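Chemist: To start, I am sharing the structure in question, which I have written as structure tokens.
The values are calculated or read from the model by the stated rules, or taken from the named source; none is laboratory data. Everything quoted here is computed from the prediction, not taken from an experiment. Here the Cβ positions follow ideal geometry from the backbone for every residue, glycine too, while neighbour counts run over all protein chains shown. Only protein heavy atoms, including side chains, enter the accessible area calculation; ligands, DNA and RNA are left aside. Shrake-Rupley method; radii C 1.70, N 1.55, O 1.52, S 1.80 Å.
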Amino acid sequence: MRNGRFTLASTALVAGAMLPTLLAAQSVGGPYARIAILRPNDGDTVDFEAGYIRHLEWHRQAKDTWVWYGWSVWAGERQRWFVYATFGHSAAGLDSPVAPADDERDNISNVTPHAQFLGNTVYEYLPRLSRGTGEPEPTARLEFTTVDLLPGAERAFEAALSTQRSTLQTETLWYRMVAGGTVPRYLRLRPGPSLSAVLEKSEEQSLPQDVSRLIVKITIEILNLRPTMCYGISPSH
């Protein structure tokens, strides 16, 4: 992207053309997700977004086969922060990102002048607690719930959630953090086409009553999908 910015329309065309190949590569992976956080510098949001889009163009030119989601935090203490993630990888697959040194070099050129990297975590998808494939539908909104537990509470917490799985009516994805922060920590993702769709699922948001004694902290945020800041996905409507 040193030759200039590409248009949003060309971004959409590139993503659409590459979608079948990228999704095929993603579907044969494994249970691991990598989720990271960026905080745009104050007053630098426009330049950050332009730089991040240029960085995605580097991924395209490098023929990256991973699919990357991008969201902005709409509701929560981290409002306007940026969350990016890739799902469906094996442990071995995480060992083989595209051209790491070149990726870092392009990040330093286009992204880090305008934002701070504030977290990089690896989560394992838990299908026996979830309803869905482990890769969230790319809908306009996403409920992003983080649950911190007391040490040693993992088994009891997962056992309680497993009893609730049959009652799930909509896509609900649970992940256990395996690296990158304080443990035990769990993440729940709930995609929705609109804010009202997310809020109307409030009954399903409730955790089993018997897990309250196991929980240190729950944080619920709502994220907005940023289609022009994604790579290899077609947003759901």
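Chemist: Give me a count of the residues in region 85-98 that are on the phi < 0 side of the Ramachandran plot and either part of a helix (DSSP H, G or I) or open to solvent by less than 20 Å² (accessible area, probe 1.4 Å) (or both). Break it down into steps so the answer makes sense when it comes.
Modeler: Here is the first cut: in region 85-98, the residues on the phi < 0 side of the Ramachandran plot are 85-87, 89-98.
Keeping just the survivors that are either part of a helix (DSSP H, G or I) or open to solvent by less than 20 Å² (accessible area, probe 1.4 Å) (or both) gives 85-87, 89, 91-94.
So the count comes out to 8.
Chemist: So how many residues does region 15-44 have that are surrounded by 14 or more Cβ atoms within 10 Å (Cβ to Cβ), at pLDDT below 95 and either among the polar types (S, T, N, Q) or within 24 Å of P113 (Cβ to Cβ) (or both)?
Modeler: Count: 1.
Chemist: Kindly establish whether V183 is crowded, with 18+ Cβ neighbours inside 10 Å, more than 23 Å from G70 (Cα to Cα) and not small (G, A, S).
Modeler: No.
Chemist: Looking at the structure I just gave you, is E143 touching a Phe, Trp or Tyr at 6+ places or on another chain (Cβ under 8 Å), of a type in the set (D, E) and crowded, with 18+ Cβ neighbours inside 10 Å? Full working, then the answer.
Modeler: Values: touching a Phe, Trp or Tyr at 6+ places or on another chain (Cβ under 8 Å): no; of a type in the set (D, E): yes; crowded, with 18+ Cβ neighbours inside 10 Å: yes.
Judged against the criteria, E143 is not a match.
Chemist: If only one of T219, T182, T228 is closer than 15 Å to V147 by Cα, modelled with pLDDT of 90 or more and not in a strand (DSSP E or B), which one is it? Even if it seems obvious, please write down each step before you answer.
Modeler: Details: T219 fails: not in a strand (DSSP E or B); T228 fails: closer than 15 Å to V147 by Cα.
Matching residue, one of T219, T182, T228: T182.
Chemist: Looking at region 155-175, is at least one residue touching an Asp or Glu at 6+ places or on another chain (Cβ under 8 Å), under 20 Å from T219 (Cα atoms), touching a residue at least 60 places away in the same chain (Cβ under 8 Å) and hydroxyl-bearing (S, T, Y)?
Modeler: Yes - at least one qualifying residue is present in region 155-175.
Chemist: Taking region 99-122 only, how many residues are open to solvent by less than 50 Å² (accessible area, probe 1.4 Å), in contact with a Pro (Cβ under 9 Å, 6 or more places away or on another chain) and touching a residue at least 60 places away in the same chain (Cβ under 8 Å)?
Modeler: 2
Chemist: Another one. It is to be established whether one or more residues within region 156-168 are closer than 25 Å to L199 by Cβ, part of a loop (DSSP other than H, G, I, E, B) and in contact with a helix residue (DSSP H, G or I) (Cβ under 7 Å, 6 or more places away or on another chain).
Modeler: yes
Chemist: Taking the stated definitions as given, is P136 assigned to a strand (DSSP E or B) and either over 23 Å from E77 (Cβ atoms) or in contact with a Pro (Cβ under 7 Å, 6 or more places away or on another chain) (or both)? Before you say what the answer is, go through the steps one by one.
Modeler: Details: assigned to a strand (DSSP E or B): no; either over 23 Å from E77 (Cβ atoms) or in contact with a Pro (Cβ under 7 Å, 6 or more places away or on another chain) (or both): yes.
When the stated conditions are applied, P136 does not pass them.
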